[in-house]
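Read the figures in this text as sums done on the coordinates, not as results from a lab. Keep in mind it's a predicted model, so treat the numbers as computed, not measured. For neighbour counting, all protein chains shown are included, and Cβ atoms are generated from backbone atoms with ideal geometry for every residue, glycine included.
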Amino acid sequence: MSKQDRQRLSILVILLVVLGLTLVLGYQMNRPAVTAAVQAPEAKTSANPPAPTDARIRLDLVEKPEASTEEVGRKNVFQYGQTPAAPPSGARGSSTTAPPSTPILPPPPQNRPPAPPAGPPPIPLKYQGYAVEKTPGGQMTVFLVDDASHHYNVKTGEILMGRYRVAQVSNTSVEIEDLDNSRRQTLPLLK
């Protein structure tokens, strides 16, 4: 066997191996999925019904098959335990059967947030200190801080955050005017 024949034979072997792998992988991808039959355990009902505050999932209600296809799409999925609305009395195929005896639970009590305080909100600034210019008749610069820890250095008459104007400045307090709500608030010096 010549060298050229041996190369052809090795290429043929490699191609046969690749073909075999392709066939095996293709068969595994296209074969049907194996399903295992699992028997569902028998549903047990408890003697005491759950309390309205019970947070367990009731699988017996979730896995219950629908009675008919007419009810599909008519159930409100946002209300727990609601019975489906009865069709109008003059409708075709309506029956005079009594509604199921499933009790409808009252909605849970809602915790409402407290009512907002009357009037505009307080000005969210704190008066931290001041500095006086050394020139005769020097103006006071006020150091203010807001709830987000942003510091502001302002003088009398300047507008802060596009909403608050510094009206009066003293050693112990600063008067801020809220331009949106047309009101004034005096901020004491923090100690």
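In this structure, the amide hydrogen of LEU160, modeled 1.01 Å from its nitrogen in the peptide plane, lies closer than 5 angstrom to those of ARG165, VAL166, counting only residues at least 5 positions away or on a different chain. Ranking of VAL17, VAL169, VAL77 by neighbouring Cβ atoms within 10 Å, starting from the fewest: VAL77, VAL17, VAL169. Placing R0 at 41 angstrom, the Cβ-Cβ distance between GLU42 and ILE14 gives a FRET efficiency of 0.10 after rounding to 0.05. The label-point distance for GLN168 and VAL77, in a model that sets each label 7 Å from Cα toward Cβ, rounds to 6.3 nm. Couplings for region 157-167, taken from phi via the Karplus curve 6.51 cos²θ - 1.76 cosθ + 1.60 with θ = phi - 60°, read x, 6, 9, 10, 6, x, 9, 10, 10, 7, 8 Hz in order; Gly and Pro are left as x.
The packing ranking of peptides 128-136, 158-166, highest mean first, is 158-166, 128-136, where packing means the average number of other beta carbon atoms within 10 angstrom of each residue.
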